[in-house]
Structure formats: C-alpha cells, structure tokens
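Remarks on the structure that follows.
Derivation of every value follows stated rules applied to the coordinates shown; laboratory data play no part. If you're wondering where the values come from, they're calculated on a predicted model, not measured in any experiment. All Cβ positions, even for glycine, are placed from backbone atoms using ideal geometry, and neighbour counts span all protein chains on display.
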C-alpha cells in the first residue's frame, strides 16, 4: 500500500472536487490513486451491505439520528444490540432502550460505572465516585456477542477505550458535552 500524503488537509480544502465523480480527483490531493481499486473492491465486497444500508437508512434526510439508526439496524438484520451508556445519560438510555425493544431488538445495556472500581485501585487520585469502566462495558458486550454496539454519552477517552476493546462494530448516538447540552457543534463557534 502506498503511503498517504501526510500533509493532506481536507478540513481546509476549498476545491472539494472529491464531492463529484471526477477521474482527476485523486491527483489533486493525495497519493491514493494506486490504492483506489482495492478500496473500491472492499465496497463491493466486505462493506457492500453496510454501504447500501447506510445510504438507504438516511431516506429523505428528514429523520432523526435515532430513526436512521433503527432503519440501519433493520437493513443490516441486526438483532442483538449493545448499549454502552454514561451514567449521566441514564434517562436518555432508557428512552433509547425502550424504543429499540419496541422495534423488536434485543438490548444489552451496560452503564459506565459497572464494577464500582475505586480510582485508587488503579493508581488514580482517590474519589468517592467510582471509576468509569469502558473496558468492562466492552467485555460485557463482547461476551453477549452483540451484533452492533451503540455508544451513548461516554466521556472523551472512555469512548476511545471502548472503541478499541469492542469486538462488534459500533456507532455513536450521542456524545457528552457538558457545556453545550451534549451538542458539541455549538462549541465550534465559542
């Protein structure tokens, strides 16, 4: 595989030629041209079902993220759904769990404080609040053999640990942003 252009910065690109189907798109930005045939084969093979379900789940683009998620889960024929939740989003998790159950899914939910591990026991400053435990969340869902896991409000860092430890694919339904009511995009203009 060819090394990617490490100086590529799509976030600040003004051309955005990649949004259109153009043969010369790759030559303008990156060294991916040699890898593109292999990447396209993966979309036709390994990722074909996910790719189609992702497009179909969006529908007319007027659904909520939860509605799109339900459509996606159905299109993928997923049945066993993991829900890794933050304790601070317990009420929202109950709503999500209830909705998914009504849609016919089997829900395995696990809160971040599982195991009530003392922070002191793992070498962190002591506190009366137990350690968040994304590794145990992932392990519980791994043992439950979920088809997919939904992340709901895990703290920064904990979401990364969960992502690394989870065997099943996962998606994020909501992220935690204490300042902006769990809408981190509002912070982009601060």
For the chain, average projected area of the Cα convex hull in nm²
14.5
Most mobile listed residue (99, 65, 119) in the chain, GNM with C-alpha springs under 10 Å
119
Tell me whether region 49-114 comes out rounded, prolate or oblate; compute the Cα gyration tensor, take square roots of the eigenvalues as a ≥ b ≥ c, and use a/c under 1.5 as the rounded threshold.
prolate
How far is helix 134-143 tilted, in degrees, relative to the longest principal axis of the Cα atoms in the chain, given as a value from 0 to 90 rounded to the nearest 10?
80
Sorted by average packing, counted as other Cβ atoms within 10 angstrom per residue and highest first, what order do 150-159, 107-116 take?
150-159, 107-116
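Using only Cα atoms, figure out Rg for region 55-157 and give it as a multiple of 2.2 N^0.38 Å.
1.22
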